[in-house]
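First the structure, in the form of structure tokens, and then the observations on it.
Coordinate-derived values only; no laboratory data. Bear in mind that the values here come from a model prediction, so they are computed numbers and not experimental data. For neighbour counting, all protein chains shown are included, and Cβ atoms are generated from backbone atoms with ideal geometry for every residue, glycine included.
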């Protein structure tokens, strides 16, 4: 029951996160224009490198360690303070490196200075601790309040193209305040630190083990925008970023299972119940397949006219990018189950690292020729092929430990249902004028078609829903 409750908390939050940009993104696209959106995307992607380096894999490592030892308050307290202080130091080093970078970088200094607040905010991010305890209510409620405040500030203060710096400041400061507000909740779980017994750097090496796959993952999450911004234009980086935001907002609903299941699987594995770990995995894989496949086909079907309606005529190039990128919804959903919910919590760090490194290498090899050939669309195709390579390798790695036939047995039913839905919705989308009412109608039609065919084919997910 706790898993279901945590998943519902996460889904509620992800739906909320989905709705906020649905309100702000059209407004920001029209107020700041392609150039302003592109500058924000470009400077943010470069700032994320320093946040990544300063965080050194703590979010995943800290979450897992807390899940392992959460039944022992003394050990939990020691682990929290050691990991928190270690990341505080590494973030300060990253911040110093960022200002050295600003001494070299000549453009967009004001935007970069506002983005620097995000680096400071990362030092105070302790959401990993509460996730380790499977207490998602605290982080979800805090994030909702902070986002509502930032939403109000955006509409009140961001009024024209000259307000780009103010827009970035609102986003960055709200993130910092949101992270700080979690600290009062700590007193229920931990004691004050015993400074003499703290051994901060014993966590550095194991954090780095999980840091390597994060670096590899960020290569094709951030580097693409950087390369498009340099090789094409900042406007093109904005097109890429807007497509990516829409797809990733939808994807967040699916990957919420990974956030919920990682601490649960880690704790179950620590107790030695390997059969229960596999049971969790099979059910989770079936569940994400059932919801990611219609999302993939649905986004591809509405993409041709969605971008123009949502962002404005200046962003019509986003439509084709969304159609291509929608494929990653399924690949990332599967790799989230295999990697985040199985390989990482069960200690297969090397295999997980290799999988995402393969994705990064594929992305780097393909990016330059694909961007030179097809521009922003080429970068998007590289992204899709990168995610496909990650998922394919992870399926190969787990084939000896898991029963792939059992895990994949109902996938064809979801694909068939999704494909029929795609054909119908795409036909409607191309023939009718597209507006918000049409979007809702097409979504309802798609759900009815998908669920009807599932009812006929009778996959296992229907039994899970009955229970």
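The helix-only estimate of mean residue ellipticity at 222 nm for the chain, built from DSSP H runs of length n ≥ 4 each weighted as -39500 (n - 2.57), is -28000 deg cm²/dmol after division by the residue total. Exposure proxy shown here: for 402, 419, the number of other Cβ atoms within 10 Å sets the order, fewest to most, as 419, 402. By the beta-carbon count within 10 Å of each Cβ, the least crowded to most crowded order of 189, 240, 396, 68, fewest first, is 396, 189, 68, 240. Taking a ≥ b ≥ c as the square roots of the Cα gyration tensor eigenvalues, region 108-183 comes out oblate, since a/c reaches at least 1.5 and a/b does not exceed b/c. As a proxy for reagent exposure, ranking 157, 50 by other Cβ atoms within 10 Å from fewest up yields 157, 50. Taken along its three principal axes, the alpha carbon spread of region 29-117 comes to 52, 31, 14 Å, from the longest extent down to the shortest.
For the peptides 94-103, 373-382, 339-348, the ranking by mean Cβ contacts within 10 Å, running from highest to lowest, is 339-348, 373-382, 94-103. I need the shape label for region 272-399. Rule: rounded when a/c is under 1.5, else prolate if a/b > b/c, else oblate, with a, b, c from the alpha carbon gyration tensor. Oblate shape, in that a/c is at least 1.5 and b/c is the bigger or equal ratio. Sequence-distant contacts, meaning Cα pairs under 8 Å at least 6 residues apart, place the relative contact order of the chain at 19 percent.
For region 365-467, what class follows from the C-alpha gyration tensor (a ≥ b ≥ c being the square roots of its eigenvalues): rounded when a/c is under 1.5, otherwise prolate if a/b is larger than b/c, else oblate? Cα axes put region 365-467 in the oblate bin. The distance linking region 400-467 with region 317-384 is 23 Å (Cα centroid to Cα centroid, whole angstrom).
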